[in-house]
Amino acid sequence: MTTVAETGLFARELRRWRGVRRLSQLDLAIRAGTTQRYLSFLEQGRSQPGRAVVVRLAESLRLSLRERNALLISAGYAPAFTESDFGAPGLAPVRAALRTVLAGHLPYPAIIVDRYGTLLEANAGFTLFTEDSAPELLRPPINVRRLALHPDGLAKRVRNLPEWGRHVTEALRHRARTSPDPELDAMIEELESYLPPADLGPGYLGFAVPLRLRTGGTELRLITTLTSFATATDVALAEVHLEAFLPADEATADHLRNRFRPRDAP
């Protein structure tokens, strides 16, 4: 099945993605199992690729499922991957399995979010992050990135906001560099506007910053793990991930066990 594509669109998209990935024509040609000459013809619009070639190039460029679909469409072909709403009936077994994982992670918080940080599911531990937050930040759809860094949200209880906030935004910037997206860029700009100045110093490790969260008279220390669906064949499923928070010390573990102890537990 083919679609109507704008003349030259595939050539422009191929050049753009090769630039984003910082690959020479020769590098990409070798990865895709073709010749530099043929790749040059494709980028000049002098050759029209077959569907299999587009798929191979998308794989070689390590594009996401959404981006692979877009590259196929630019060449005049139908998308290869379905795109369901996360709430679609066909994903019901996945949602049920994820709820089991969320419940099993208690007494520690865990959430499932989409690519822009919209909350899709959460366990009871998520209430740790919502206490004393402005009602408008908790009105569905909740964006957990905005909730985390907004002055009227979690941020006012974060003891290391300058460091942890930049840990959050730098992770998003890394994703934006890999998969350019104007909506994500706008979100990053908004989030960074909430952060106070920071003198991070030479010892700052942006990839490993625990969340130091004040709750009542206690300071909790949490680390985050991320899980995604590496073998998903649905665009929506490939773009969601599970964020599970773990205690970074025994005092935090004890607090969370006591706070979220099942009612029928001794």
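The values are calculated or read from the model by the stated rules, or taken from the named source; none is laboratory data. Please read these numbers as outputs of a predicted model, since none were measured by experiment. Using ideal geometry, Cβ is built from the backbone for each residue, glycine included, and neighbour counts are taken over all protein chains shown. All accessible areas refer to the heavy atoms of the entire protein, side chains included, with ligands and DNA or RNA removed. Shrake-Rupley method; radii C 1.70, N 1.55, O 1.52, S 1.80 Å.
Pairwise Cα separations in the chain fall into 5 Å bins from 0 onward with the following percentages, short to long: 1, 5, 11, 14, 15, 13, 12, 10, 8, 6, 4, 2, 1, 0, 0.
Once the Cβ-Cβ distance between GLU83 and HIS241 is put in as r, and R0 is 22 Å, what FRET efficiency do you end up with, to the nearest 0.05?
It comes to 0.85.
Here the extension length gained between ASP114 and THR127 equals 2.8 nm, from 0.36 nm per residue of separation less the Cα-Cα distance.
Assuming a ≥ b ≥ c are the square roots of the Cα gyration tensor eigenvalues, decide whether region 25-77 counts as rounded (a/c under 1.5), prolate (otherwise, with a/b larger than b/c) or oblate. Oblate is the answer for region 25-77, as a/c is 1.5 or above yet b/c matches or exceeds a/b.
Under the convention that each Lys and Arg Cβ holds +1 and each Asp and Glu Cβ holds -1, the size of the dipole of region 1-146 around its Cα centre is about 760 debye. Translational diffusion coefficient of region 209-266 (Stokes-Einstein, Kirkwood radius from Cα pairs, 20 °C, 1.002 mPa s): 157 µm²/s. Our summary gives the chain a relative contact order of 18 percent, counting only alpha carbon pairs under 8 angstrom and 6 or more residues apart. Each Lys and Arg adds +1 at its Cβ and each Asp and Glu adds -1 at its Cβ; summed about the Cα centre, the chain shows a dipole of about 740 debye.
Between the residues VAL240, PRO135, SER179, the greatest Cα displacement towards the positive end of the dipole of the chain, with unit charges on the Cβ of Lys, Arg, Asp and Glu, is found for SER179. Accessible area per residue for the chain, computed on protein heavy atoms with a 1.4 Å probe, is 53 Å².
Using C-alpha pairs below 8 Å separated by at least 6 residues, the relative contact order for region 28-165 is 11 percent. In terms of its Cα atoms, region 69-150 spans 51, 29, 18 Å along the principal axes, sorted from long to short. Report, please, the projected area of region 29-111 averaged over directions, based on the convex hull of its C-alpha atoms, in nm². Dividing the Cα hull surface by four gives the mean projection, 7.8 nm². Helix content alone sets the calculated 222 nm mean residue ellipticity of the chain: runs of n ≥ 4 DSSP H residues at -39500 (n - 2.57) each, divided across all residues, give -13000 deg cm²/dmol.
Using the average count of surrounding beta-carbon atoms within 10 Å as a protection proxy, the listed peptides 91-103, 243-255 rank, highest first, as 243-255, 91-103. The Rg/Rh ratio of region 124-266, with both radii computed over alpha carbons and Rh defined as the Kirkwood radius, is 0.98. For region 116-266, the dipole from Cβ point charges (+1 on Lys and Arg, -1 on Asp and Glu) about the Cα centre works out to 440 debye, to the nearest 20. Compared with the direct C-alpha span, the chain from ALA171 to SER228 gains 19.0 nm at full extension, assuming 0.36 nm per residue.
Given R₀ = 45 Å, FRET efficiency for ARG46-GLU189 by Cβ-Cβ distance, to 0.05?
Working: r = 39 Å, r/R0 = 0.87.
In this case the efficiency is close to 0.70.
State the percentage of accessible surface on region 123-172 attributable to carbon and sulfur atoms; use a 1.4 Å probe and exclude ligands, DNA and RNA. So the carbon and sulfur contribution to the accessible surface is 55 percent.
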